[in-house]
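Visitor: The structure that follows is given in the form of structure tokens.
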Amino acid sequence: GRRCLFNFAPPVLAAALLTGALYHADATVAIPGMWLLLYGAGVVTGGSYSVRILPVMGWCFVTLGAVTLFLPGGWANWLLCAGFGGLHIVFGLAIVRRHGG
């Protein structure tokens, strides 16, 4: 657990700092994509100490974040829902099925 947290924390801290910087620079349209990208990076690195499917979920977040950066801002909320809602549910069910929880 400590290794996972140690690897997950830097991307999450970077996301928090960049959120403030992007908000201050009035570049809020980039925030959702950045959140998805950095959350995915944290899951990939932190998940390397967990079940094998967890880094795969992280790469899905990274991909979704990259797509989000290049789509119109009106798509951001839907893509955040798809990532933080949909991907967590899909991969959570796969983890429960394969690993019992």
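The values are calculated or read from the model by the stated rules, or taken from the named source; none is laboratory data. Given the structure is predicted, the values throughout are model-derived calculations rather than measurements. Don't worry about glycine lacking a Cβ; one is built from the backbone with ideal geometry, like all the others, and counts go over all protein chains shown. What goes into the accessible areas is simple: the full protein's heavy atoms, side chains included, and nothing from ligands, DNA or RNA. Shrake-Rupley method; radii C 1.70, N 1.55, O 1.52, S 1.80 Å.
Visitor: Among residues belonging to segment 22-46 that are more than 21 Å from residue 67 (Cα to Cα) and without any contact (Cβ under 8 Å) to a residue 40 or more places away in the chain, point out the one that is least open to solvent (accessible area, probe 1.4 Å). Walk me through it before giving the result.
Guide: The first filter runs over segment 22-46 and keeps only residues more than 21 Å from residue 67 (Cα to Cα), leaving 24-25, 46.
Right, trim to without any contact (Cβ under 8 Å) to a residue 40 or more places away in the chain and you get 24-25.
Numbers: 24: 164, 25: 70 Å².
That would be 25.
Visitor: Follow-up. Please work out if residue 97 is farther than 24 Å from residue 7 by Cα and open to solvent by 30 Å² or more (accessible area, probe 1.4 Å).
Guide: yes
Visitor: Related question: Inspect segment 47-70 for any residue being open to solvent by 30 Å² or more (accessible area, probe 1.4 Å), more than 14 Å from the chain's Cα centre (by Cα) and more than 21 Å from residue 4 (Cβ to Cβ) and give the result as yes or no.
Guide: yes
Visitor: Could you check, for segment 7-18, whether at least one of its residues is open to solvent by less than 40 Å² (accessible area, probe 1.4 Å) and among the aromatic types (Phe, Trp, Tyr)?
Guide: Within segment 7-18 (the criterion being open to solvent by less than 40 Å² (accessible area, probe 1.4 Å) and among the aromatic types (Phe, Trp, Tyr)), the answer is no, since none of the residues qualifies.
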